[in-house]
1. For a quick check of your reading of the filter: which trypsin sites (Lys or Arg not before Pro) in region 128-200 sit in a DSSP loop and have no more than 16 other Cβ atoms within 10 Å?
2. Taking just the alpha carbons, could you work out the radius of gyration and Dmax for region 47-100, both in angstroms?
3. Express in whole angstrom the spacing between the alpha-carbon centres of region 300-331 and region 122-183.
4. Run the count for region 223-408, please: Lys pairs, Cα-Cα under 18 angstrom, 8 or more apart or on different chains.
5. Once you have the alpha carbon radius of gyration of region 395-451, what is it after dividing by 2.2 N^0.38 Å, with N set to its residue count?
6. For region 1-79, what percent of Cα pairs sit more than 20 Å apart?
7. Rounded to the nearest 20 Debye, what is the dipole magnitude of region 149-270 about its Cα centre when Lys and Arg each give +1 and Asp and Glu each give -1 at the C-beta?
8. Using the basic label-point model (7 angstrom from Cα toward the beta carbon), what is the residue 107 to residue 362 distance in nanometres?
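What follows is calculated from the coordinates using simple rules that are stated; it is not laboratory data. Being a predicted model, the structure only gives us computed values, none of them experimental. Positions of Cβ are generated from backbone atoms using ideal geometry, with glycine treated the same way; all protein chains shown enter the neighbour counts.
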Amino acid sequence: MAQLTFFGATGEVTGSRYLLETEDARILLECGLWQGGAQAERRNRASLKKLVRKIDAVVLSHGHLDHAGLLPKLVRDGYRGPVYCTRGTRELLAIMLRDAAHVMAKDIEWENRRRERADRKLLTPIYDMDDVDAALELCEPLRLGNAERIAPGIQLTLHDAGHILGSAIVDLIVEDGGRRRHLVFSGDLGNPDSVLMNEPARLEHADVVLLESTYGNRDHRPLDATLDELADILAQADRDGGNVLIPAFAVGRTQEVLYHLGMLRHAGRLPQQKVFLDSPMAIEVTQLYDRLSHLLDAEDLAILKSAGGPGLSQALPQLQLTENVEASMAINRIRGGAIIIAGAGMCSGGRIRHHLKYNLWRQQNHLVFVGFQAAGTLGRMLVDGAKKVKLFGEEIAVKAEVHTLGGFSAHAGQSQLLDWAAAFQNGPVFHLVHGEPEVRESLARALHARHGIDARLPEPGETVMM
């Protein structure tokens, strides 16, 4: 009998990893990085060699690091099998994993200088560029909707999840011991109100469904209200003479924010004359979105073109791309009138931390969060109202006004998750993943109350029979 083991993203939102085992095959669904603090670092460093010996293939739903960021570590520890994903995911992984390896190397270099002065043991990176290149060589892109036999008794079909470029719902037919079972993993389901992405595909048949629950306890604000709030923040920052900082999720959210800033400019509602995209990865991803625009929503692309497109940069003439360190450092001399979009989205690394150091303590500035902030991250501390934070060994007062704009989320909200789940016929069992404990508990209650769905809450390391 086939069985499924939950190794990550159970009662938490990062570290996605699930192992499907039959008599003849073992498939790893996702290979995600844990994010948020020292404990996450320890988990990311744990050996995967035992897991490598078990698995025949890897399936990735999309390219976000919490779903695919440990793939090079898997390869470093010996994996040499196929990695199935969409073309968009393969292209994004080339950007994201190389960036992750680069950031990791820089962080390790800085940490080891400190350790050497203290006569402490030096660290090595979790993986390096060679491991990334080896992982990319293993990727085998599949077309959406095409069924593919990926192991004995296992057939895979990928469907559009509408979350980010290349994101997919994983659809597996599993034949084992004379039984035929149907497993669907939602991956991260997109928010139908988001721009550029198509709506998530609606599936009707499954025996077992793994459903993400990131926003399982609430709905997002209507997009129009969110855009009005953003416009108000920009206008207030202009009156205050301050800067606006937007921590950037390089994939998806940055491109959505650029789209809306272009629309606000077109409507005469963007007072700032300087917009900086200060993230080499976000710049590269934005260029990839333009290159693979045929995978995006046609109606949104037509609107973008009418506002000065066809690309995101053309619709926002004041956008400046700061790829090198010198240009990034120069931004910190600007005292007001700028929008600074910089990585990383949860403030866990990247150039945003430097901009926070120079801007957080000035009350005329505004900090705008446009994405989910996981527990343990600097972004979560700021959202939760921290009065002081430590950056580069220095204590920084938080006097800038902090805003959270939930309407920009690329994840489905509770009502959208319930609607997607209701399409399944014949009462499959649901296992809720990718959600903090109280959030997925709320979604489980709502699924049962609204649709009579048997929604379960797997624990880390738990194995269930299919």
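1. Those satisfying the criteria are 143.
2. 10.9, 30
3. A separation of 33 Å, based on Cα centres.
4. For region 223-408, the number of qualifying lysine pairs is 7.
5. Cα-based Rg divided by the globular estimate yields 1.61.
6. 26
7. It works out to roughly 260 debye.
8. Rounded to a tenth, the inter-label distance reads 2.8 nm.
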